[in-house]
Every structure is written in C-alpha cells, then in structure tokens.
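Structure, as structure tokens:
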Amino acid sequence: MATNDPFQGLLQDLLKVIGGAPGSQQAWLDAARSLAHGVATDGETEPNPDPIVRIRFEELARVAELHVADSTGLPFERSPVLVPVGRGAWALRVLDAWAPTLARMVEAQRAAPTAPPPFEGEGEGDVEALLARFAGTLGPVLVGMQFGSAAGHLAQRALGQYALPLPWPASGEILVVPENVHRFAEEWSLPEDETRLWVCLRELTAHAVLSRPHVAARLGELVDALTLDMVATHQGLAERLGGQTDDPEALQRLLSDPEALLADLLTPGQRRTSEDLVALTTVVASYVDHVTRGLATTLVGAAAPLGEAWYRYRTQESDSEQAAAALFGLDLTRQQVDRGAAFVRGVVERAGEEGLQRLWNDPRHLPTPAEVDAPGLWLERISLPELPDA
C-alpha cells in the first residue's frame with residue numbers, strides 16, 4: 001500500500017536501494033569492492049604488471065625464501081609464490097581478506113537484541129520503525145564503504161601484501177605491487193632491483209610469522225573482540241534516529257548534518273583499541289623489520305639507505321595507513337614503531353637472535369603489553385618451566 005507521507009515514502013525507497021529489501025544483504029560488500037577499486041585506480045583502466053617484472057620478483061623470492069627460513073627458524077610448508085599485481089587488484093584482494101571481519105560485524109548487528117525487524121516492503125511500519133530499519137541497514141553499507149575506501153587508499157602505498165601486520169587467509173601466494181615499489185625506490189633514490197629484494201625479504205618474513213597458526217588465531221581473536229564496538233555504534237545510530245520522531249525539527253537538523261550523524265562511523269580513530277592487539281602487532285611489525293634489515297645487510301648493497309627510507313616511509317603521517325589500521329584497532333604511529341624496535345633490541349641484547357626466535361615457537365611466548373615495554377620480563381617468563389595442566 002502506498003503511503004501519503006512523503007518522508008515515509010522516501011525512507012522506504014532508500015531501504016530498497018541500499019539493501020533493506022530481502023535478497024540484497026550483500027549490498028555493503030558490493031559497494032565496498034566498487035569503491036576500493038575506484039579509489040585505488042583513480043577510476044582509470046589498470047594494465048597488467050610487466051611479465052619481465054613478474055619473472056624478476058619470482059627469481060628474487062627464491063633467493064629470499066632460503067635466507068628468511070634460516071634467519072627466523074620458521075620454514076615454509078610450501079614455497080610461497082610472489083604475485084605482482086596492480087593497485088586495483090591489490091585493493092580487491094585485501095578487501096576479500098577483510099571480508100570475514102566485515103561479515104561478522106554485520107551478523108552481530110543483525111543478531112543484536114535491539115536490531116530492527118526485517119523490512120516487509122512498501123507501506124509497512126510507521127516512521128519510527130522505518131527510521132530504525134533505515135539506520136540498521138545504512139550502518140553495514142557505510143561500514144562496507146569505509147573499509148572499501150581504506151583498502152583503496154592503502155593500495156596506493158602498499159609495497160606488498162602485509163601493509164598491515166595482520167594475517168591473510170591461507171594461500172600459497174604473496175602479493176606485491178610493482179608500481180608502488182618502483183615509486184618508493186624512485187622517491188628515495190634507491191636501486192630498484194635491491195628495493196625489490198628488500199620487499200621480498202620483508203613480505204616473506206611477515207608471511208612466515210603471520211601464517212603461524214597460533215599467531216593468526218590470537219590476532220583473529222583480538223580483532224573479533226573489537227567488532228562489538230562497531231555493533232554498538234550501529235545500535236546507537238538507530239537509537240538517535242528513532243528517538244527524534246517526536247521532534248520533527250530536531251530530526252530534520254539531524255538528517256541535514258550527515259557528518260554529525262555518522263561521526264562515530266566515519267572516524268575509525270574513535271573506536272576503542274585493544275592494548276593486547278596493539279602490543280602484538282607492534283612486535284610482529286618490528287620483528288619483521290629487524291629480520292629484513294639483518295638479511296639486507298648481507299644481501300643488499302644499499303641496506304643502510306633502504307632501512308632508513310623504510311623507517312621514514314613507515315612513520316611518516318599517512319591517512320591511508322592510519323585509517324585502515326584504526327578499522328582493526330591498530331596503532332601504526334611512530335611511538336609504536338619505536339616501542340616495538342626497543343623491545344626487539346632489548347631481547348637481542350639479552351638473549352641474542354636465538355632468544356628472539358622464541359617469540360613464535362609457542363603460544364605461551366606471545367608477549368603481553370607490559371612485557372613489550374620490559375623485554376627482560378618477557379625473557380624471564382618464557383624461561384620458567386611450564387606448569388602441568390590441572
């Protein structure tokens with residue numbers, strides 16, 4: 001039945017467009033993918049990577065693999081294949097890797113006790129119910145767009161797969177972005193082939209650590225715990241909209257100021273971060289940098305300039321990394337980079353490289369936030385005999 005209330009009719013039409021009707025629950029993912037690719041490529045057609053560059057990366061990866069396995073003590077179950085991709089393809093692949101987290105956010109919201117009832121179609125429900133449904137449906141789409149935007153912008157800077165110190169779904173492939181590697185080498189006046197080897201060493205080291213089952217599982221647990229914050233934000237948005245139905249003027253002001261209305265959704269930096277997650281990802285990233293620098297000293301002539309360039313590249317203010325990291329509750333600031341480097345340095349000074357390798361040997365060895373700031377305490381704890389199970 002058609003409604004005589006123009007505002008109610010507008011809400012019904014918007015629900016249909018953004019996915020409020022049955023059968024269109026994946027609208028948020030489609031919107032995210034489209035935005036990610038468009039931002040990564042600036043809307044232009046993207047050529048395939050040069051076959052010669054692809055072959056060169058494959059050659060360098062074979063050299064890097066042996067050294068990484070020996071240095072970390074983490075042998076690869078099967079030799080990873082480095083796959084050069086364009087920015088648009090990288091953005092879509094990273095969004096696919098993030099999709100489980102996105103899906104859990106949406107499902108948790110739908111399962112929440114205060115979630116609005118399913119949209120029944122045109123003419124069903126009063127304005128208050130429609131506003132609740134609109135907010136509940138708009139939330140997932142906006143979050144999907146936010147992740148898509150972050151993936152697209154991150155693709156313009158990422159040198160390889162592990163731009164964020166988070167695990168990817170199990171695969172025999174590791175992505176690299178030759179266009180960004182070339183730009184990085186050019187901006188810092190570095191030999192391009194040595195820069196490619198540096199990237200291979202770094203990506204393979206990150207893969208060796210983040211593909212460890214207990215490391216991936218722990219990071220997954222910590223990221224999942226933060227999805228509750230996003231669900232709470234969605235519910236708060238619905239309550240803000242629904243609570244204004246008795247005051248049309250206030251509702252009009254709220255809807256006319258989308259920046260204020262969606263502030264919590266559009267500023268990921270406001271989300272709570274987990275000290276455990278920040279500590280663990282900080283150590284992972286710093287360990288990867290440490291191993292890469294050490295191997296590069298032997299294999300790469302420009303190791304010192306590369307190390308300095310990478311440190312500056314990592315710590316310079318970049319909205320793309322910060323926005324993407326904040327979505328997962330990470331902190332990639334210079335303070336955390338230096339904090340992780342101090343932990344690694346402290347372990348090596350006390351126990352050598354062999355002591356540092358123990359980081360990833362056992363789930364019990366993953367450091368706590370307090371231990372990241374006191375590496376001696378971490379070494380003492382992991383040296384204690386393990387207590388028998390009760």
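The values are calculated or read from the model by the stated rules, or taken from the named source; none is laboratory data. Remember, it's a predicted structure, so these values are computed and weren't measured experimentally. Cβ atoms come from the backbone with ideal geometry, glycine included; neighbour counts cover every protein chain shown.
Kindly provide the set of residues from region 63-78 that are within 16 Å of THR195 (Cα to Cα) and surrounded by fewer than 16 Cβ atoms within 10 Å (Cβ to Cβ), ordered by number.
VAL63
Taking interchain pairs and intrachain pairs at least six residues apart, which have beta carbon atoms under 6 angstrom, with the first residue in region 149-160 and touching a residue at least 40 places away in the same chain (Cβ under 8 Å) and the second assigned to a helix (DSSP H, G or I) and surrounded by fewer than 21 Cβ atoms within 10 Å (Cβ to Cβ)?
ALA150/ALA323; HIS153/SER320; LEU154/SER320; ARG157/SER320; LEU159/ASN180
Residues that are aromatic (Phe, Trp, Tyr), within 28 Å of ARG157 (Cβ to Cβ) and modelled with pLDDT under 95: does region 348-369 have at least one?
Quick first cut of region 348-369, residues aromatic (Phe, Trp, Tyr) only: 360.
Subsequent filtering for residues that are within 28 Å of ARG157 (Cβ to Cβ) retains 360.
From what is left, the residues that are modelled with pLDDT under 95 are none.
No, the conditions are met nowhere in region 348-369.
If you take the residues in region 79-102 that are among the charged types (D, E, K, R) and at pLDDT 95 or above, which one is surrounded by the fewest Cβ atoms within 10 Å (Cβ to Cβ)?
Taking the candidates together, the pick is ARG93.
Just checking: which of the helices (runs of 4 or more DSSP H) contained wholly in region 284-357 hold 2 or more residues that are surrounded by fewer than 18 Cβ atoms within 10 Å (Cβ to Cβ) and of a type in the set (Val, Ile, Thr)?
Ranges flagged: none.
Looking only at region 338-358, which residues are among the aliphatic types (A, V, I, L, M) and within 26 Å of TYR313 (Cα to Cα)?
Residues of region 338-358 among the aliphatic types (A, V, I, L, M): 341-342, 344, 347-348, 351, 356.
Passing the criteria: ALA341, ALA342, VAL344, VAL347, VAL348, LEU356.
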